[in-house]
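Asker: Sharing a structure below in structure tokens format, with a few things to ask.
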Amino acid sequence: MRNVIVTGGSRGLGLAICERLALAGYRAIAVARSETPELKAAMLAASQGGILFAPFDLGDIDAMPEFVRSLRQQHGPIYGLVNNAGIGTEGLLAVMPLEQIEQLIRINTLSPIALTRQVIRSMFAEGHGRIVNMSSIIASTGYSALSVYAATKASMTGFPKSLAREVGRAGITVNAVAPGFIQTAMTEGLTEEKRQQIARRSALQRLAAADDVARAVEFLLGDGGRNITGTVLTVDAGNTA
């Protein structure tokens, strides 16, 4: 069973990815600060340990080497990494506290880069691996009061393009998935009217679901994605078409 680390795997999109990967025969290791009731239920429903929980604070960059080392010791080689965890703090740049800006950059940009740095060392030893970074259509379209968030998500599209060239000879692929507006905790703040407005301007006249994004991740991790690297796969029901 191939091990795939999924950060932010205790709820929302991360949990949907874990559930999809478990169905596809992977062992999804959900990384989060705490275990949610939804994650517990998913772990019970998954057969043969298809979903496991690994508690960790992704803001603790210094502890990452030991954390990755412990995962390898407990579960074996790491085949895949899905950098899904992120925060979506809103705020106009002119009045956003510097502490919030730093937190967004630390969790959404520095943390996935630092974790990838540790994981690819394991992948080098195995001679293969798959890395998927979760970006957003906001990185390319923009959205009022999300300028810092957009900057961090843009980093998750630029990062894989160069890293793919660094690690390609080792049999490692690096890609990004850019979801549009989907039904998760990060979009619950939108009014029903706003959600309908977004759906109407999408080519398919609907919002994408979390499982649609999870299936895209599964594709990139599987045989179909073996020759896809350094690219961004958009899942937004044609919102940016």
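Asker: Pick out, in residue order, every one of the GluC sites (Glu not before Pro) in the range 8-64 that is DSSP loop and has at most 15 other C-beta atoms within 10 Å; say none if there are none.
Answerer: Answer by residue number: Glu35.
Asker: From the list (1) 21.5; (2) 18.0; (3) 19.4, can you say which value of Kirkwood radius over Cα pairs in Å was derived from the structure given?
Answerer: Only one listed value fits the structure, namely (2).
Asker: Could you pull out every whole DSSP H run in the chain that spans at least 15 Å of Cα extent along its own axis and averages 1.0 or higher on the Kyte-Doolittle scale?
Answerer: 12-23
Asker: Next question, about the same structure. Rounded to the nearest percent, how much of the accessible area of the range 29-73 (1.4 Å probe, protein heavy atoms only) is carbon and sulfur?
Answerer: Solvent-exposed carbon and sulfur of the range 29-73 make up 50 percent of the total.
Asker: Could you sort the peptides 56-63, 148-155 by per-residue average Cβ neighbour count (10 Å cutoff), highest mean leading?
Answerer: 148-155, 56-63
Asker: Taking the range 1-132 on its own, what percent of its Cα-Cα pair distances exceed 19 Å?
Answerer: The answer is 49 percent, as a whole percent.
Asker: Please identify the trypsin sites (Lys or Arg not before Pro) of the range 14-120 that satisfy two criteria: DSSP loop assignment and at most 16 other Cβ atoms within 10 Å. Which are they?
Answerer: Sites meeting the loop and neighbour criteria: Arg33.
Asker: Another question, if that's okay. Grab the other residues whose beta carbon is less than 12 angstrom from that of Met96, score K and R as +1, D and E as -1, and report the net.
Answerer: -3
Asker: Moving to a separate point now. Would you give the gap between the C-alpha center of the range 148-163 and the C-alpha center of the range 61-98, rounded to a whole Å?
Answerer: Value for the Cα centre distance between the two parts: 14 Å.
Asker: Running a GNM on the chain with Cα contacts under 10 Å, which residue among Leu98, Leu115, Leu13 ends up with the highest mean-square fluctuation?
Answerer: The residue with the greatest mean-square fluctuation here is Leu98.
Asker: Arranged from highest to lowest average of other beta-carbon atoms within 10 Å per residue, in what order do the peptides 176-182, 204-210 appear?
Answerer: Ranking, from highest mean packing down: 176-182, 204-210.
Asker: Restricting things to alpha carbons, find the Rg to Rh ratio for the range 17-80 using the Kirkwood radius for Rh.
Answerer: Ratio value, two decimals: 0.97.
Asker: Where Lys and Arg each count +1 and Asp and Glu each count -1, what net charge lies around Ser136 among other residues with Cβ under 14 Å from its Cβ?
Answerer: Value of the local net charge: -1.
Asker: Using the heavy atoms of the protein chains and a 1.4 angstrom probe, tell me the accessible area per residue for the range 128-178 in square angstrom.
Answerer: 37
Asker: For the chain, with the dipole built from +1 on Lys and Arg beta-carbon atoms and -1 on Asp and Glu ones, taken about the Cα centre, which of Leu52, Met1, Ala210 lies farthest toward the positive end?
Answerer: The residue sitting most towards the positive pole is Met1.
Asker: Where nothing but the Cβ of Lys and Arg (+1) and of Asp and Glu (-1) is charged, how large is the charge dipole of the chain around its Cα centre, in debye to the nearest 20?
Answerer: That gives a dipole near 640 debye.
Asker: Another one. So between Ala170 and Leu92, what do we pick up on full extension, going 0.36 nm a residue minus the alpha carbon distance?
Answerer: Full extension of this stretch gives 23.9 nm more.
Asker: Which number comes out as Rg/Rh for the range 103-228 once both Rg and the Kirkwood Rh are worked out on C-alpha atoms?
Answerer: In the range 103-228, Rg relative to Rh is 1.01.
The values are calculated or read from the model by the stated rules, or taken from the named source; none is laboratory data. Keep in mind that what you see is a predicted model, and the values were worked out from it rather than measured. Here Cβ is always computed from backbone atoms with ideal geometry, including for glycine, and neighbour counts include all displayed protein chains. When the accessible area is computed, the model is the full protein with side chains, heavy atoms only, and any ligands, DNA or RNA have been set aside. Shrake-Rupley method; radii C 1.70, N 1.55, O 1.52, S 1.80 Å.
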